[in-house]
Amino acid sequence: MSYQIEKEVAISAVIEAGKLCENVRQNIPPALEKQDKSPVTVADFGSQAIICKALKEAFPDIPIVGEEDATELRQEISQDTISKITQYVEKIIPSATTKNVLDWIDYGNGKVCRKFWTLDPIDGTKGFLRQDQYAIALALIEDGEVKLGIMGCPALSFGEETGYIFVAERGKGSYKMPLSGGEFTKLQVVSEEDVSRFRFVESVEASHGDQIQQNAIAKAVGITTDSVRVDSQAKYGIVASGEAALYLRLPSPKYPNYRENIWDHAAGAIIVEEAGGKVTDMDGKPLNFRDNEKMLDNRGVVASNGAIHEKALQALKD
Ligand code: AMP
Ligand code: MG
């Protein structure tokens, strides 16, 4: 089965949503952003509106399980916010109206079923606010398996170039392309011999993991350098690109019962797997994208180059 059309529509929608996010980010001075969280809301909602519109028109039968919802935006008190969102969406889709935008956002209220999209219109909100990393993450799931992952990382740099889109299709490899244009290049995870890239990534936000344990596990698998801290699913993109060997996300001692959302991992996971890596929870179980918006029977996430995966899981057991 090929997902060529799904892939093309998804790539173009994620690129357009990335433009909206960057417009929001660049039009507001960073200091103002930190105090007032509304700009983030504007970009989250605008990104979801753009992607849902494109997917709804091309694939009316495939529901979208998106992170955002327009219920609060429809209230009187949110008039300012929704008009700002509409202004940003209009820059990308000139014919957009407020009503359209609200309806497009709510098209992302689909339920998990046999075949569906899952969308995080801005993953790593806190990174977005800090002018650090964030991702626009979209995945197609069928029969519980991620078939397509498309991830926009407008602020991520490799070498001189900033802004990338990652694309993976099951069985067909992972690729990245600069958002400024150019070619897709095939991705391959790092080997243990590549010492300078043999490092690990974790969240910037301490409360999204267990940094002490993460560091101990990394040491146990032979990683000798400090972690690289990055927001959002961009971490998966870094592992897939061979710029790190391991991504550890262990439950925070502060929130031991936290369960991960499917939209926070589906796109990133296939991007690592199709680059030759491996992704499981901390007990070695596959991530469950089949049953629920939350991965209720998984704890934590371990993504690796594959070669060191068992070693990492064993260290977690010990
Ligand atoms: P990151 O940028 O990798 O730190 O992850 C951002 C994501 O962390 C957000 O999309 C949230 O859904 C998620 N998140 C929020 N609270 C927690 C938590 N206690 N543990 C793990 N992830 C969390
Ligand atoms: Mg998220």
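No value in this document is a laboratory result; all are computed from the given coordinates. Everything quoted here is computed from the prediction, not taken from an experiment. We place every Cβ from the backbone using ideal geometry, glycine too, and count neighbours over all the protein chains shown.
Can you tell which of N215, S174, A139 lies farthest toward the positive end of the dipole of region 112-246, using +1 and -1 charges on the Cβ of basic and acidic side chains (Lys, Arg; Asp, Glu)?
Looking along the dipole axis, the top candidate is A139.
Could you tell me what fraction of 2.2 N^0.38 Å the Cα radius of gyration of region 193-238 comes to, as a two-decimal ratio?
1.13
Please report the projected area of region 37-131's Cα convex hull averaged over all directions, in nm². List each step's numbers first, then the result.
On the way: hull surface 24.9 nm².
The number I arrive at for region 37-131 is 6.2 nm².
Running a GNM on the chain with Cα contacts under 10 Å, which residue among D120, D194, D210 ends up with the highest mean-square fluctuation?
Fluctuation is largest for D194.
Using the alpha-carbon atoms, what tilt in degrees (0 to 90, nearest 10) does helix 38-58 show relative to the longest principal axis of the chain?
With rounding to tens, the tilt is 80 degrees.
Please determine, in degrees from 0 to 90 and to the nearest 10, the orientation of helix 4-27 with respect to the longest principal axis defined by the Cα atoms of the chain, where the helix direction is its Cα long axis.
Once rounded, one gets 80 degrees.
Write out the GluC sites (Glu not before Pro) in region 93-180 meeting two conditions: DSSP loop, and at most 14 other Cβ atoms within 10 Å of their Cβ. Write down the numbers at each step before the final one.
Details: sites: E142, E145, E160, E161, E169; in loops: E160.
Taking region 93-180 and a limit of 14 other Cβ atoms within 10 Å, the loop GluC sites (Glu not before Pro) found are E160.
What's log10 of I(q)/I(0) for the chain at q = 0.11, 0.12, 0.14 Å⁻¹, Debye sum over Cα points only, no solvent?
Once normalised to I(0) and log-transformed, intensities are -0.64, -0.76, -1.04.
Under a Cβ-only charge scheme (Lys and Arg +1, Asp and Glu -1), can you give me the dipole magnitude of the chain about the Cα centre, in debye to the nearest 20?
Working: 36 positive and 48 negative charges, 46 e Å.
Once rounded to the nearest 20, the dipole reads 220 debye.
Quick one: compute a quarter of the convex hull surface over the Cα atoms of region 142-295 and quote it in nm².
On the way: hull surface 37.2 nm².
For the Cα atoms of region 142-295, the hull's average projected area reads 9.3 nm².
Tell me, how many Å apart are the Cα centres for region 242-262 and for region 110-179?
17
For the chain, modelled as a Gaussian network with Cα springs under 10 Å, which listed residue fluctuates most, N261, N298, N100?
N100
If I model region 129-181 as equal point scatterers sitting on the Cα atoms and use the Debye formula, what is log10 I(q)/I(0) at q = 0.28, 0.32 Å⁻¹?
Once normalised to I(0) and log-transformed, intensities are -1.06, -1.20.
Can you sort I150, I217, I136, I238 so the residue with the fewest Cβ neighbours within 10 Å comes first?
Working: I150 29, I217 23, I136 33, I238 26.
So the ranking, lowest neighbour count to highest, is I217, I238, I150, I136.
Would you work out the charge dipole size for region 234-318 about its Cα centre, treating the Cβ of every Lys and Arg as +1 and the Cβ of every Asp and Glu as -1, and quote it to the nearest 20 debye? All intermediate terms of the calculation are to be shown ahead of the outcome.
On the way: 11 positive and 12 negative charges, 47 e Å.
It works out to roughly 220 debye.
Where does helix 79-92 land angle-wise versus the long Cα axis of the chain, in degrees 0 to 90, nearest 10?
Relative to the chain, helix 79-92 is tipped by roughly 80 degrees.
Jot down the per residue volume, in cubic angstrom and as a whole number, of the convex hull over the alpha-carbon atoms of region 78-172.
Working: hull volume 14.0 nm³, N = 95.
Dividing the Cα hull volume of region 78-172 by its residue count gives 147 Å³.
Rg(Cα) of region 145-236 divided by 2.2 N^0.38 Å? Write out the running numbers ahead of the final one.
Numbers: Rg = 14.9 Å, N = 92, 2.2 N^0.38 = 12.3 Å.
Against the empirical 2.2 N^0.38 Å value, I get 1.22 for region 145-236.
Just the number, please: Stokes-Einstein D of region 218-318 in µm²/s, Kirkwood Rh from C-alpha pairs, 10 °C, 1.306 mPa s. Intermediate values should be presented prior to the final figure.
On the way: Rh = 13.7 Å.
Translational D for this selection: 116 µm²/s.
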